[in-house]
Amino acid sequence: MKTVLSKRFFPSVLFILNLCVRSTLTRTIATTSNLIQKRLYDDTDPVTCQIYCYGPLLHTVQMARLYKDSKTFVDMKLKNRPEETMEDYNAFMAKRNNSPTEAEIRDFVDTHFEERGKEFEPWIPDDWKEHPSFLDAINDPDLRQWGADLNGIWKELGRKMIDDVHKNPEFYSIIPVDHPVIVPGGRFIEFYYWDSYWIIRGLLYSEMFDTARGMIENFLSIVQRFGFIPNGGRVYYSKRSQPPLLTAMVHAYVEFTKDYSFAIDALDILEHEFEYWMNNHTVQVKGYDVAIYKDASTGPRPESYSEDVISSSDFSTDEEKEHHYSELKAGAESGMDFSARWFIHENGTNDGNLTNLKTRSIVPVELNAILYWNAKMIAEFHDKAGNKAKSAEYELKAAKILEAIQAVHWNEEAGVWLDYDMINQKPRNYFVPTNLAPLWTGAYNRNDSEKISASVLKYIDDLKLDSYPGGVPNTLAQTGEQWDFPNVWPPMQYLLVVGLDNLGTVEAKNLSKKWGYRWVKSNFEAYKQTQTMFEKYDALRFGGHGGGGEYEVQKGFGWSNGVIVEFLTKYGGELSLSNSAVPTVSKNTIFSLTVALVISLFGTLLGQALW
């Protein structure tokens, strides 16, 4: 399919061509493992990228596996200018016949790099409040204290860049931004794109409006500089993004502050990001333009370099390895890195492992649902600005995306939306919470709410998704990958709870509330035991945290805090730890349960009599 670039796209392209994220020349780098890696870059690229994004120095250090976490090295600050560091590296390698020992490599790193975290200074948000009003909505004293604790964690997760980052950015892998940020926590000490949506919502409920606005302004400036928002706040992330939630961040800010002028002023940038996705991430399926996750770089992920090289060892050619690296990075762009959701086995199933990643060949439900949402919100902002023509333009764009979602993703037999396998040209009937993402973003025909509610609730019941004490697992595939069973993820629980509530039927709203209550209580139990909020949790254990994947479970944790602060605000007036606080159910549901119980008892008695 031909890609048609909007006029807005060209300025960002010209700028990006001057960054390490764009490439024009091919160079061949012989590495210490005799692996020949091709790198494409422009002669005007900052030499910093030859250290943090690709190149022989990165390969030498990362393959020495000096650190338990590969991300450690690429977050370190240079002690000397990058050009000088590269000169020293070349001399270092020549002196050792390109075969230094691990100890020698470690000494080189210690001599030329400082520990990670040097780009930040201590910072407490100026707008932090000791007692935001959401706490007053919580009746249970233990939950109220927990809410206060979570509000306090924002101070621990705050990061402000030192002036030197702006004066000498070439010494750092961090992407400079003007305003302080709230980070996820643990190993993630910089901003992350989609994490920030739930963090910002939590900040807004905590009445930290200046901090939230500053984070959004950072993202707006990054779109102006890069043309899109990178996966995270490091140069080595700058050729992939994450689910595009910037417009939703702006919308949330406006909902809380009623400052529509902020959204109207941001419209050009919001349109720019939307058009970036539509111009650079779409493919054709069934005659419709639909969006996929992808990546525009080459080589292993710098932050998981040795892991990627090791997983690529099953492939025999450089071309196959490069395809594998691209699939890994596309999976990282999705935010779900990694999961059987992205596996396409040669038999067409989701069996396999990382070598079966085919992320770029799968059309994901939530990405298209989010793009629909973006178009609707941009249309709303234009309407507020009085620009009826532009509002109608984006309403039409939204309608086209909605038509594609209905044609490509809705599956009548399953009763939900499903990802689409472009290789085998078929829907992927495997559970992921994102199968219900259109309920969250409103990407469905509201006139069909009753029908959709019945089919979605049947789908949930058939898969017994309500049976897990720790929350709905991300998939039902147990692969050891962190986005698979039994791990439960806060943004996915949020998607399910809010989506079911949006659906509006009594039954859907009751299940939404039940799952919201359960999520709060399970997270509280984990916090009571550990005094920690985790990145992910365990579906099989009430109050258990998750595991698996490439790194240990992380603590902090930004999006976990944001989701719970919102749910405490929403449910705090009725939720109590001293009772089950089961949401009310309809009379029909009670009747059905009673009939089922009677039949069950009758069957048991009859069976005993016959026995």
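Of the set (1) among the hydrophobic types (A, V, I, L, M, F, W, C); (2) free of Cβ contacts under 8 Å to residues at least 12 places away in the same chain; (3) under 15 Å from Val432 (Cβ atoms), all apply to Leu418 but (2). Whenever a residue of the range 87-107 is in the same structural domain as Ala64 (by TED's automatic domain parsing), its partners that are surrounded by 13 or more Cβ atoms within 10 Å (Cβ to Cβ) and at pLDDT below 95, lying with C-beta atoms within less than 7 angstrom and at least six residues away or across chains, give the pairs Asn98/Thr32; Ser99/Thr32.
Looking across the range 141-162, just one residue is small (Gly, Ala, Ser), outside any strand (DSSP E or B) and closer than 22 Å to Glu190 by Cα, and that is Gly152.
If you go through the range 133-162 and pick out every residue that is surrounded by fewer than 18 Cβ atoms within 10 Å (Cβ to Cβ) and farther than 21 Å from Tyr236 by Cα, you end up with 13.
In the set Val165, Val177, which member is part of a helix (DSSP H, G or I), within 17 Å of Glu119 (Cβ to Cβ) and not acidic (Asp, Glu)? Exactly one residue qualifies, and that residue is Val165.
Tell me whether the range 481-493 contains one or more residues that are out of contact with any Gly (no Cβ under 8 Å at 6 or more places or on another chain), within 23 Å of Glu412 (Cα to Cα), modelled with pLDDT of 95 or more and outside any helix (DSSP H, G or I). No, the range 481-493 has no match at all.
Which residue is nearest to the chain's Cα centre (by Cα), if the candidates are limited to the range 196-212 and must be closer than 19 Å to Pro244 by Cβ and of a type outside the set (Phe, Trp, Tyr)? Show your work before the answer.
Residues of the range 196-212 that are closer than 19 Å to Pro244 by Cβ, as a first pass: 196-201, 212.
Those still in the list that are of a type outside the set (Phe, Trp, Tyr) too: 196, 199-201, 212.
Details: Ser196: 9, Ile199: 12, Ile200: 14, Arg201: 15, Ala212: 18 Å.
For the range 196-212, the residue satisfying everything is Ser196.
What do you reckon, is Val563 within 17 Å of the chain's Cα centre (by Cα) and either in a helix (DSSP H, G or I) or acidic (Asp, Glu) (or both)? Against the criterion (within 17 Å of the chain's Cα centre (by Cα) and either in a helix (DSSP H, G or I) or acidic (Asp, Glu) (or both)), Val563 qualifies.
Considering the range 538-589 alone, what residues qualify as being over 30 Å from Lys329 (Cβ atoms), at pLDDT below 75 and not basic (Lys, Arg)?
Residues of the range 538-589 that are over 30 Å from Lys329 (Cβ atoms), as a first pass: 540-544, 564-589.
Now restrict to residues that are at pLDDT below 75: 579-589.
Hits for the range 538-589 are Asn579, Ser580, Ala581, Val582, Pro583, Thr584, Val585, Ser586, Asn588, Thr589.
Being assigned by TED's automatic domain parsing to the domain that holds Gly547, hydrophobic (A, V, I, L, M, F, W, C) and farther than 30 Å from His545 by Cα is true of Ile452.
crowded, with 19+ Cβ neighbours inside 10 Å and either over 25 Å from Ile200 (Cβ atoms) or over 28 Å from the mean Cα position of the chain (by Cα) (or both): which single residue out of Phe108, Phe120 fits that description? So that I can check it myself, show each step before the final result.
Details: Phe120 fails: either over 25 Å from Ile200 (Cβ atoms) or over 28 Å from the mean Cα position of the chain (by Cα) (or both).
Residue meeting the stated conditions: Phe108.
One residue stands out in the range 190-223 among those that are under 16 Å from Asp126 (Cα atoms) and charged (D, E, K, R): the one that is surrounded by the most Cβ atoms within 10 Å (Cβ to Cβ), namely Arg213. Remark: Glu271 falls outside the filter, which requires a residue to be buried (at least 19 other Cβ atoms within 10 Å of the Cβ) and assigned by TED's automatic domain parsing to the domain that holds Gly335.
Being at pLDDT 95 or above, assigned to a helix (DSSP H, G or I) and within 25 Å of Gly415 (Cβ to Cβ) narrows it down to one residue among Leu500, Leu476; which is it?
Residue meeting the stated conditions: Leu500.
Residue-wise test of (1) out of contact with any strand residue (DSSP E or B) (no Cβ under 9 Å at 6 or more places or on another chain); (2) within 16 Å of Glu104 (Cβ to Cβ); (3) buried (at least 17 other Cβ atoms within 10 Å of the Cβ).
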{"residue": "Leu57", "(1), (2), (3)": "yes, yes, yes"}
{"residue": "Gln62", "(1), (2), (3)": "yes, yes, yes"}
{"residue": "Lys68", "(1), (2), (3)": "yes, no, no"}
{"residue": "Lys79", "(1), (2), (3)": "no, no, no"}
{"residue": "Pro82", "(1), (2), (3)": "yes, no, yes"}
{"residue": "Asp88", "(1), (2), (3)": "yes, yes, no"}
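Does Ile162 count as closer than 30 Å to Thr569 by Cα, at pLDDT 95 or above and assigned by TED's automatic domain parsing to the domain that holds Arg187? Judged against the criteria, Ile162 is not a match. Does Leu396 satisfy the condition of being touching a residue at least 12 places away in the same chain (Cβ under 8 Å), outside the structural domain of Glu307 (by TED's automatic domain parsing), more than 30 Å from Asp314 (Cβ to Cβ) and out of contact with any strand residue (DSSP E or B) (no Cβ under 6 Å at 6 or more places or on another chain)? The answer is no for Leu396. Looking at the range 422-441, can you tell me whether even one residue there is surrounded by fewer than 19 Cβ atoms within 10 Å (Cβ to Cβ) and β-branched (Val, Ile, Thr)? Among the residues of the range 422-441, at least one is surrounded by fewer than 19 Cβ atoms within 10 Å (Cβ to Cβ) and β-branched (Val, Ile, Thr), which makes the answer yes.
The values are calculated or read from the model by the stated rules, or taken from the named source; none is laboratory data. Source: prediction; values computed, not measured. Positions of Cβ are backbone-derived with ideal geometry, glycine not excepted, and every protein chain shown enters the neighbour counts.
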